[in-house]
Amino acid sequence: GHASLVDSIVIIGLGRFGQSLALELMADGADVLAIDRNEELVQQFNGKITHAVQADATNEEVLRQLGVHEATHAVVAIGDSIEGSLLTSSLLMGFGVRHVWAKAVSDAHGRILSQIGVHHVVHPERESGVRVAHQVRAQLKDYI
Ligand code: ATP
């Protein structure tokens with residue numbers, strides 16, 4: 001069986017966003033349970049992340065077996081498959097996970113995530129664009 005994963009931060013999806021998040025949290029000393037359906041990707045993170053598991057996160061029984069229903073913090077880092085993102089987020093909300101983050105790839109995606117109660121909806125590309133704009137503007141001032 002699995003050790004207690006209750007204290008882990010659950011990250012679902014190891015795309016570029018999920019990977020970066022998982023490695024940063026590991027560097028901060030957190031316990032991370034990463035779930036991705038891509039076996040090759042999961043192999044790649046074996047040993048770099050506390051637990052890296054190959055599984056389909058839209059399967060409620062599988063999530064329960066992994067202890068995700070008892071987690072307090074979870075991030076849905078699935079983007080391209082809006083269906084996968086919404087089904088997974090809905091399961092996490094149904095479990096009563098206290099703090100759920102999810103990545104949105106469009107306004108509509110973000111709106112639905114909010115409607116199902118996801119606590120923190122993030123738009124990485126948009127937020128990164130805003131951040132870079134501030135940096136560009138700050139540097140422009142040096143030329144005036
Ligand atoms: P990024 O921009 O962060 O690279 P992306 O927006 O392209 O990611 P996807 O490729 O859709 O997002 O998803 C990221 C990861 O989520 C992929 O590695 C994919 O295998 C995984 N993933 C997608 N659906 C599921 C699912 N149902 N269960 C588990 N993992 C999934």
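The values are calculated or read from the model by the stated rules, or taken from the named source; none is laboratory data. Not measured: the values here are computed from a predicted model. Glycine also receives a Cβ, built like all others from the backbone with ideal geometry; neighbour counts cover every protein chain displayed.
Brief remarks follow.
- Of the candidates V62, V118, the single residue that is within 22 Å of A22 (Cα to Cα), of a type in the set (V, I, T) and touching a residue at least 12 places away in the same chain (Cβ under 8 Å) is V118.
- Elements of type strands (runs of 3 or more DSSP E) in segment 71-128, at least 2 residues being within 10 Å of the ligand (Cβ to nearest atom), within 18 Å of L25 (Cβ to Cβ) and modelled with pLDDT of 95 or more: none
- Checked against the criteria, H51 counts as under 14 Å from Q19 (Cα atoms) and away from the ligand (no atom under 13 Å from the Cβ).
- The residue pairs whose first member lies in segment 88-110 and is under 9 Å from V121 (Cβ atoms), whose second member is among the basic types (K, R) and more than 16 Å from the ligand (Cβ to nearest atom), and whose beta carbons are closer than 8 Å, counting only pairs six or more residues apart or on different chains, do not exist in this structure.
- When segment 12-33 is filtered for residues that are in contact (Cβ under 8 Å) with a residue 12 or more places away in the chain and closer than 15 Å to Q44 by Cβ, the ones remaining, listed by number, are G13, L14, G15, G18, Q19, A22, L23, M26, V32.
- For segment 46-63, the tally of residues that are under 21 Å from S81 (Cβ atoms) and either hydroxyl-bearing (S, T, Y) or in a helix (DSSP H, G or I) (or both) stands at 5.
- Residue list for segment 19-55, restricted to those being among the aliphatic types (A, V, I, L, M), farther than 17 Å from T88 by Cα and surrounded by fewer than 20 Cβ atoms within 10 Å (Cβ to Cβ): L23, M26, A27, A30, L41, V42
- Check on Q43, part of a helix (DSSP H, G or I) and either in contact (Cβ under 8 Å) with a residue 60 or more places away in the chain or more than 9 Å from the ligand (Cβ to nearest atom) (or both): yes
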